[in-house]
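Readers should treat all values here as calculations from the given coordinates under stated rules, not as data from a laboratory. Since the structure is predicted, the reported quantities are computational estimates derived from the model, not experimental observations. Cβ sites come from the backbone with ideal geometry, for glycine too, and all protein chains shown count toward neighbours.
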Amino acid sequence: LIKGLEALKKLPCETLDHHRVPLWVNTGLMADVVRSLERGAEGVGLYRTEIPFLLRDRFPSEEEQRIIYREQLEAFAPHTVTMRTLDVGGDKSLPYFPIDEDNPFLGWRGIRVTLDHPEIFLAQVRAMLKASEGLNNLRIMLPMISSVTELDAAKTLVYRAYHELLEEGHRIEIPPIGVMVEVPSAVYQARELAARADFLSVGSNDLTQYLLAVDRNNARVADLYHAFHPAVLRALQSVVNDGHSQGTSVGICGEMAGDPGAAILLMAMGFDVLSMNATNLPKVKSVIRGITLEQAENLLDEVMLLPDAESVTRTLEKALQDAG
Ligand code: PEP
Ligand code: MG
């Protein structure tokens, strides 16, 4: 197995007809970094910064954050590391920053929290920017954006941090700033968001939950939570098309990108980057290397006509079996 992985790591992720699909990884801990590099990741599509925050008993200082972020950026340089600003609330609450709400997934979450606490946001962005000095492989990504107003407000804060640091004598560049598309309103405003952002990245975990009104962590309704629901697939295709209409790159960093059947569909939809858990990367790469882009596009055409998630799942399973 190790030998197979080693050989696969060196091979490019491309279809039989040489269509390249960058496979990136989702990280949170330094342990993920080692595994990701072993599997040949070409970048980080989602670094969940809340994970180091969760492992503490108080907010890490700007300098503590800088050290943690520098480690991630250095480990992957020259590859890109996409750092998501703090995404707490919903299912993720910090012991030292309790948020108690009846409906946390519709409450104070992600960018909503950090726009209300610009001091938290600014310290984090300053730490990221300082960490990127001399490496320039940072991208900043904003979670739970549901309007253009939030994107504009967050960008203003990033630029403020950037100008402060320039004045303090740091030699840094403004990084690409991107938006997670994980709320239905962002799907319908993908064009406007893409016009103002440097990249979009679909968070299909939350997008599925919000489109289907199914709590992603509730076992009782787990049967209803399906990223292959035709409504989700249509939303994904529409985000790619709208992002590309503005010349903006569109990736995906939800769990579905690590599912081989889903990865084929996502590639055919035109996603520019698939970002996944490192564990799934070799499997996805083998499947993409065994198919042509045309076959994938034909499969997508077929799947987009199906009425429900179950028939999509069956069709993909059959296609994967036929492909061996
Ligand atoms: C998502 O929602 O798909 C996502 C990638 O973010 P998280 O799972 O951290 O909410
Ligand atoms: Mg999310």
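Return Ile252, Ile67 ranked ascending by Cβ neighbour count within 10 Å, so the fewest neighbours appear first. Before the final figure, lay out each step's value.
On the way: Ile252 30, Ile67 13.
Fewest to most other Cβ atoms nearby, the residues stand as Ile67, Ile252.
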Review point. Each label point is 7 Å from the Cα along the Cα-to-Cβ direction; what then is the distance between the points at Asp91 and Thr292, in nm?
Key: 4.0 nm
Exercise for review: Pop a pseudo-label 7 angstrom from the Cα along the beta-carbon direction at both Lys3 and His244 and give the gap in nm to one decimal.
Suggested key: 4.1 nm
Review point. Applying the Karplus parametrisation 6.51 cos²θ - 1.76 cosθ + 1.60 with θ = phi - 60° to the phi angles of the range 119-135, what ³J(HN,Hα) value in whole Hz is obtained for each residue in order, glycine and proline being reported as x?
Key: 5, 5, 4, 5, 4, 5, 5, 4, 5, 5, 5, 5, 5, 8, 4, x, 10
Exercise for review: Provide Met180, Met269 in ascending order of the number of other Cβ atoms located within 10 Å of each residue's Cβ, fewest first.
Suggested key: Met269, Met180
Review point. In sequence order, what are the phi-derived ³J(HN,Hα) couplings for the range 141-148 according to the Karplus relation 6.51 cos²θ - 1.76 cosθ + 1.60 with θ = phi - 60°, rounded to whole Hz, with x for glycine and proline?
Key: 10, 9, x, 6, 5, 10, 7, 5
Review point. How much FRET efficiency would the formula 1/(1 + (r/R0)^6) give for Glu173 and Ala213, where r is the Cβ-Cβ distance and R0 is 45 Å, rounded to 0.05?
Key: 0.60
**Study point:** Relative intensity, log₁₀ I(q)/I(0), of the chain from a Debye sum that treats every alpha carbon as a point, q = 0.12 Å⁻¹
**Key:** -0.82
**Study point:** GNM top mover of Leu11, Leu135, Leu274 - the chain, alpha-carbon springs below 10 Å
**Key:** Leu11
Check your understanding: Which distance in nm do the two modelled labels at Leu306 and Ala323 give, with both placed 7 Å along the Cα-to-Cβ direction?
Key -> 1.4 nm
Point to revise | Pairs of Lys in the chain closer than 18 Å at Cα, counting only those 8 or more apart or on different chains | key: 8
Check your understanding: Once phi is turned into ³J(HN,Hα) by the Karplus curve 6.51 cos²θ - 1.76 cosθ + 1.60 with θ = phi - 60°, what whole-Hz value does each residue of the range 151-159 show in order, with x for glycine and proline?
Key -> 4, 4, 5, 5, 4, 4, 5, 4, 5
**Study point:** the chain, relative contact order [Cα under 8 Å, separation at least 6], %
**Key:** 19 percent
**Study point:** Sites matching trypsin sites (Lys or Arg not before Pro) across the range 1-97 that sit in DSSP coil, with at most 14 neighbouring C-beta atoms within 10 Å
**Key:** Arg56, Arg58
Practice item. Using only Cα atoms, locate the centre of the range 93-170 and the centre of the range 254-324, then give the distance between them in Å, rounded to an integer. Key: 33 Å
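Taking the Cα centre as origin and putting +1 on Lys and Arg beta-carbons and -1 on Asp and Glu beta-carbons, what dipole magnitude results for the chain, to the nearest 20 debye? Provide the component values of the computation, followed by the final result.
On the way: 31 positive and 45 negative charges, 130 e Å.
So the magnitude is around 620 debye.
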Review point. What relative contact order, as a whole-number percentage, does the range 42-180 give when Cα pairs under 8 Å and 6 or more residues apart are counted?
Key: 27 percent
Revision key, fill the gap. Bridge orientation stat for the chain from DSSP, antiparallel percent rounded to 5, came to 10 percent
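For Ser201, Ser132, Ser146, which order do you get if you count the other beta carbons within 10 Å of each Cβ and list the fewest first? Could the numbers behind the result be given before it?
On the way: Ser201 32, Ser132 24, Ser146 18.
Taking fewest neighbouring Cβ atoms as first place, the list is Ser146, Ser132, Ser201.
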Practice item. Take the alpha-carbon centre of the range 1-76, take the same for the range 189-219, and report the distance between them in whole Å. Key: 22 Å
Review point. Based solely on its DSSP helices, what 222 nm [θ] is calculated for the chain when runs of n ≥ 4 H residues each add -39,500 (n - 2.57) and the sum is averaged over all residues, nearest 500 deg cm²/dmol?
Key: -14500 deg cm²/dmol
